[in-house]
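The values are calculated or read from the model by the stated rules, or taken from the named source; none is laboratory data. A quick note: this is a predicted structure, and the numbers were derived from the prediction, not measured. FYI the Cβ positions are ideal-geometry reconstructions off the backbone, even for glycines, and counts take in every protein chain you see.
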Amino acid sequence: MAAILRGLDETCPEAVCALTHRSPWELLAATILSAQCTDVRVNMVTPELFRRFPTPAAMAKATLPELEALVKTTGFFRNKAKSLKGAAEKITKEFGGRVPETLDELITIPGAARKTANVVLGVCFDKAEGVVVDTHVFRISRRLELAKGDTPQKVEQELMKILPADRWISFSHQIIHHGRKVCDARKPKCGECNLEQVCRSKDKTWES
């Protein structure tokens, strides 16, 4: 683990959340939209979405057809529109228009499961109550034999046991960056990877 963390610090020391946002509410909405969609696509959609509906109160008043039209290109747009409207309504009615700062409260918001809650807590409030496990973190943690779980929830629990708590937030950002740039799902660029010597994955394309 120490070697992996050193390697990540060398290649992506300043990795941050790739979702463009200006507030906890914008990050929450963007993360809801990012399910099974690239961050690049989400960042193309959110400027107009937030221009039209800049606050939870404003989005709570939006109609589903309005929201669906704005987020259609992110996929699963009907469910995402319902989640956005539901999240906006709950935050407006139950949390005074402010995104809550605890995991227990966040996961009660429509569309905000544990991964989304961890993203918002870590990025906006610098609170590490868990490890964000997206597709990159899930894949690479298993490739590096840091976890064996077959679900994101199981992988998160395994990572929390072996990662220093002060790295729970940065580790996910760095691994996501590493997954996009080097450790591709289908064709990992093992020849360019500074973690290659500690990796024993069966689908390696090159090794020293």
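What the table below lists for this structure:
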read-out	value
Test: residue in the stretch 140-157 that is hydroxyl-bearing (Ser, Thr, Tyr), closer than 28 Å to ILE109 by Cα and not in a helix (DSSP H, G or I)	yes
Extreme residue, farthest from ILE4 (Cα to Cα), among residues of the stretch 177-187 that are touching a helix residue (DSSP H, G or I) at 6+ places or on another chain (Cβ under 8 Å) and in a loop (DSSP other than H, G, I, E, B)	ALA185
Restricting the stretch 5-44 to residues that are buried (at least 20 other Cβ atoms within 10 Å of the Cβ) and among the β-branched types (Val, Ile, Thr), the residue that is farthest from THR102 (Cα to Cα)	VAL42
Selected residue [buried (at least 18 other Cβ atoms within 10 Å of the Cβ) and assigned to a helix (DSSP H, G or I)] from ILE109, ILE91	ILE91
Search result, residues across the stretch 34-61 that are over 22 Å from HIS136 (Cα atoms) and either acidic (Asp, Glu) or not in a helix (DSSP H, G or I) (or both)	GLU48, PHE53, PRO54, THR55, LYS61
Residue in the stretch 52-87 that is nearest to GLU129 (Cα to Cα), counting only those that are in contact (Cβ under 8 Å) with a residue 40 or more places away in the chain and of a type in the set (A, V, I, L, M)	ALA87
Test for ARG167: is it touching a residue at least 60 places away in the same chain (Cβ under 8 Å), within 18 Å of the chain's Cα centre (by Cα) and not in a loop (DSSP other than H, G, I, E, B)	yes
Lone qualifier among VAL131, VAL119, VAL137 - being touching a residue at least 60 places away in the same chain (Cβ under 8 Å) and either under 14 Å from the mean Cα position of the chain (by Cα) or in a loop (DSSP other than H, G, I, E, B) (or both)	VAL119
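For every residue, the table says whether it meets (1) touching an Asp or Glu at 6+ places or on another chain (Cβ under 9 Å); (2) in the same structural domain as ARG180 (by TED's automatic domain parsing); (3) at pLDDT 95 or above; (4) not hydrophobic (A, V, I, L, M, F, W, C).
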| residue | (1), (2), (3), (4) |
| --- | --- |
| LEU8 | no, no, yes, no |
| PRO13 | no, no, no, yes |
| CYS17 | yes, no, yes, no |
| ARG41 | no, no, yes, yes |
| ARG52 | yes, no, yes, yes |
| ALA60 | yes, no, yes, no |
| LEU64 | no, no, yes, no |
| LEU70 | yes, no, yes, no |
| THR74 | no, no, yes, yes |
